[in-house]
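Novice: Structure provided below as structure tokens; questions to follow.
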2 protein chains.
Amino acid sequence: MSAAESAVETIQREMTIFARRARASAGRMHPELSLVSYTLLGHLEESGGCRSTDLAAHYALDKSTVSRQVAALERAGLIERRLDPEDHRVQVLHLTEAGQEILAQVTHSRRAAFRERLTDWPEEDLVRFAAYLERYNAGPGDASD
Amino acid sequence: MSAAESAVETIQREMTIFARRARASAGRMHPELSLVSYTLLGHLEESGGCRSTDLAAHYALDKSTVSRQVAALERAGLIERRLDPEDHRVQVLHLTEAGQEILAQVTHSRRAAFRERLTDWPEEDLVRFAAYLERYNAGPGDASD
DNA sequence: GGATTCTAGTTGTATAGTACAACTTGAGCC
DNA sequence: GGCTCAAGTTGTACTATACAACTAGAATCC
């Protein structure tokens, strides 16, 4: 097996390990905010408010799934819906203050966990690793982010 | 924000994107073998047979979860149980021939998907990317693989 | 300008994966 | 032989998810 083939093997294996771990630990780390909820809140912050349908399209989730997630986030007081005055079918979702706070907290603690894991890495390696990941994810597959 | 901090941000974001995608697409790619089942079969192959309890410990899953997964895999004819003659509480799990075949197929198609995604990468970058991932996963976190 | 068709979102129903707790069965140890 | 420990199963519940059917509002088309 060539060096390139063996590297592909390794990348596959390690990415799979990472995915499994992320899935297993996501719920335990932040019982108040599942990985999906966190991602949705994050997207709302970045986008400055968007529709349920946009979230579904962006993350390749069914609209019913998003609808229930959104309902839960609203029940928890983390987001609010504003009826679009132009089109009454549309509900534009926004973070509440509480939502912004929780998102900031979770982001902070997630960031801390990553940083700790990467603490010994020279800056040069961090930058290169980040570039590789971006390149990998930006690849020709599903453009889901 | 320093270059290192911004790289950590990027790594966190891109790893999260990857994990979400893997989770979303795993079921669709191989309807006959979920990501968990695939991982369990893979471990059985690597280890050459082990106990249900070992799988649970290794992947930080509850023994009841593994019990049901194993039952499904047995129902599907992909693994078989052999009673440990030394200790009749213990069932040693082994891949059947059918299990080996399916595992090989799924491994092959997963590998093809990865390879396609990485097809334009120079060998040097593949090798470095693989090394970074290994280093990341080998870090001080949970040693779940 | 009313009927038809499209779109946003909700609700009903089903499934997979998971955890926790209670239980069963066999092993090991005074 | 009778406690205690270990391996695994089963009951129950919850979360995330999808698909399909539905509701309500918007847009379009004679």
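Novice: Of all residues in segment A:22-67 being out of contact with any helix residue (DSSP H, G or I) (no Cβ under 8 Å at 6 or more places or on another chain) and part of a helix (DSSP H, G or I), which is modelled with the highest pLDDT?
Specialist: Among residues in segment A:22-67 that are out of contact with any helix residue (DSSP H, G or I) (no Cβ under 8 Å at 6 or more places or on another chain) and part of a helix (DSSP H, G or I), the one modelled with the highest pLDDT is A:Ser64.
Novice: A further question on this structure: In segment B:110-118, is there at least one residue being touching a residue at least 12 places away in the same chain (Cβ under 8 Å), assigned to a helix (DSSP H, G or I), within 14 Å of chain A (Cβ to nearest Cβ) and within 14 Å of DNA strand D (Cβ to nearest atom)?
Specialist: Among the residues of segment B:110-118, not one is touching a residue at least 12 places away in the same chain (Cβ under 8 Å), assigned to a helix (DSSP H, G or I), within 14 Å of chain A (Cβ to nearest Cβ) and within 14 Å of DNA strand D (Cβ to nearest atom), which makes the answer no.
Novice: Moving on to the next point. Would you point out the residue of segment A:60-76, among those that are away from chain B (no Cβ under 14 Å) and near DNA strand C (Cβ under 9 Å from one of its atoms), that is nearest to A:Ser37 (Cα to Cα)? Give the derivation first.
Specialist: First pass over segment A:60-76, keeping only residues away from chain B (no Cβ under 14 Å): A:63-64, A:67-68, A:70-76.
From the residues that got through so far, the ones that are near DNA strand C (Cβ under 9 Å from one of its atoms) too are A:63-64, A:67-68, A:70-71, A:74.
Values: A:Lys63: 14, A:Ser64: 14, A:Ser67: 12, A:Arg68: 11, A:Val70: 8, A:Ala71: 11, A:Glu74: 11 Å.
It comes out as A:Val70.
Novice: Given (1) assigned to a helix (DSSP H, G or I); (2) among the β-branched types (Val, Ile, Thr); (3) more than 10 Å from DNA strand C (Cβ to nearest atom), identify the lone condition not met by B:Val92.
Specialist: Unmet for B:Val92, out of (1) assigned to a helix (DSSP H, G or I); (2) among the β-branched types (Val, Ile, Thr); (3) more than 10 Å from DNA strand C (Cβ to nearest atom): (1).
Novice: Looking only at segment B:68-75, decide whether some residue is surrounded by 12 or more Cβ atoms within 10 Å (Cβ to Cβ) and under 30 Å from A:Ala131 (Cα atoms).
Specialist: Within segment B:68-75, not a single residue is surrounded by 12 or more Cβ atoms within 10 Å (Cβ to Cβ) and under 30 Å from A:Ala131 (Cα atoms).
Novice: Still on this structure, I have one more. Hey, could you check segment A:80-120 for residues that are among the aliphatic types (A, V, I, L, M) and surrounded by 15 or more Cβ atoms within 10 Å (Cβ to Cβ) and say which is nearest to B:Asn137 (Cα to Cα)?
Specialist: A:Leu118
Novice: Consider B:Ala57 against the criteria (1) within 14 Å of another protein chain (Cβ to nearest Cβ); (2) more than 28 Å from A:Glu134 (Cα to Cα); (3) buried (at least 18 other Cβ atoms within 10 Å of the Cβ); (4) not aromatic (Phe, Trp, Tyr): it satisfies all of them except one. Which criterion is unmet?
Specialist: Every condition holds for B:Ala57 apart from (3).
Novice: Of the residues that sit in segment A:119-138 and are part of a helix (DSSP H, G or I), over 16 Å from the mean Cα position of the chain (by Cα) and among the charged types (D, E, K, R), which one is nearest to B:Arg117 (Cα to Cα)?
Specialist: Among them, the one singled out is A:Arg135.
Novice: Would you confirm whether any residue within segment B:69-84 is part of a loop (DSSP other than H, G, I, E, B) and within 13 Å of DNA strand D (Cβ to nearest atom)?
Specialist: Looking through segment B:69-84, at least one residue is part of a loop (DSSP other than H, G, I, E, B) and within 13 Å of DNA strand D (Cβ to nearest atom).
Novice: How about segment B:38-47: which of its residues are within 15 Å of DNA strand D (Cβ to nearest atom) and touching a residue at least 40 places away in the same chain (Cβ under 8 Å)?
Specialist: Across segment B:38-47, the qualifying residue is only B:Leu44.
The values are calculated or read from the model by the stated rules, or taken from the named source; none is laboratory data. These figures come from a predicted structure and were not determined experimentally. No Cβ is skipped: glycine too gets one built from the backbone with ideal geometry, and neighbour counts run over all protein chains shown.
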